[in-house]
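Q: Following this message is one structure expressed as structure tokens.
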Amino acid sequence: MPTYNLKAVVQETGLKHDTLRAWERRYGLPQPQRTPGGHRLYSARDIATLKWLVARQQEGLSISRAVDLWNQLQSEGRDPLAEMDTVAAVPGLSAALPAGGSAIDTIRQTWVDACLSFNEARAEQVLTQASALFAPEVVCAQILQKGVARIGELWAAGEASVQQEHLASTLASRRLEAL
């Protein structure tokens with residue numbers, strides 16, 4: 001039930017009034033209810049949504065990409081608020097990994113697969129979740145560096161296209177620039 005006014009949301013999220021209004025207008029997130037007098041009333045979920053968006057920005061996504069990721073997850077019938085905290089949020093990853101493998105190897109392969117299938121949103125999602133689980137140095141060395149190297153090997157062997165290699169390189173560069 002919406003009970004929080006704009007001032008409370010600003011205090012809770014650290015966002016400015018203007019930013020909140022702009023996100024509502026441009027991206028439709030959040031969607032606060034209005035009082036009969038036209039004042040915004042936010043729910044606890046609205047506040048959690050804003051915090052989720054801010055967290056994605058801190059991980060290097062632009063607000064538009066964060067909103068795209070939010071919308072993609074919802075269109076797949078998934079709740080972004082429930083999913084982004086664990087490895088299980090990425091299909092194919094789970095807390096119970098196959099024997100002989102490691103979480104980092106599974107995450108790297110999932111990222112490589114997303115790049116090879118030109119699924120930029122999925123690749124970004126994998127990196128976002130990896131960043132929540134591992135230190136930036138680990139993400140850079142174990143996922144990005146080794147993942148790009150693997151795609152380079154596939155390209156050299158004629159098993160990946162130059163476009164696939166370019167997508168992976170672009171995504172890796174973007175994440176490094178954000179750090």
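The values are calculated or read from the model by the stated rules, or taken from the named source; none is laboratory data. As the structure is a prediction and not an experimental result, all values here were calculated from the model. So basically every Cβ, Gly included, is an ideal-geometry build from the backbone, and we count neighbours across all protein chains shown. With ligands, DNA and RNA removed, areas are computed over all heavy atoms of the protein, side chains included. Shrake-Rupley method; radii C 1.70, N 1.55, O 1.52, S 1.80 Å.
Q: If a residue has to be open to solvent by 10 Å² or more (accessible area, probe 1.4 Å), in contact with a helix residue (DSSP H, G or I) (Cβ under 7 Å, 6 or more places away or on another chain) and either of a type in the set (S, T, N, Q) or modelled with pLDDT under 80 (or both) to count, how many in segment 94-126 make the cut?
A: 5
Q: Could you list, ordered by first residue, the pairs with Cβ atoms under 9 Å in which the first is in segment 159-179 and over 16 Å from ASN119 (Cα atoms) and the second is modelled with pLDDT of 90 or more and loosely packed, with under 15 Cβ neighbours inside 10 Å, at least 6 apart or interchain?
A: Final answer for the pair search is GLU159/GLU153.
Q: Restricting to segment 11-34, name every residue that is within 12 Å of VAL54 (Cβ to Cβ) and part of a helix (DSSP H, G or I).
A: Once the filter is applied, which keeps residues that are within 12 Å of VAL54 (Cβ to Cβ) and part of a helix (DSSP H, G or I), segment 11-34 yields GLU12, THR13, THR19, LEU20, TRP23.
Q: Right, next: Residues in segment 19-27: is at least one open to solvent by 80 Å² or more (accessible area, probe 1.4 Å), farther than 19 Å from LEU127 by Cα, modelled with pLDDT under 90 and out of contact with any Phe, Trp or Tyr (no Cβ under 7 Å at 6 or more places or on another chain)?
A: Looking through segment 19-27, none of the residues is open to solvent by 80 Å² or more (accessible area, probe 1.4 Å), farther than 19 Å from LEU127 by Cα, modelled with pLDDT under 90 and out of contact with any Phe, Trp or Tyr (no Cβ under 7 Å at 6 or more places or on another chain).
Q: Shifting gears a bit: Pull up segment 41-72, narrow it to residues that are part of a helix (DSSP H, G or I) and among the small types (Gly, Ala, Ser), then point me to the one that is nearest to PRO136 (Cα to Cα).
A: Among those that are part of a helix (DSSP H, G or I) and among the small types (Gly, Ala, Ser), it is ALA55.
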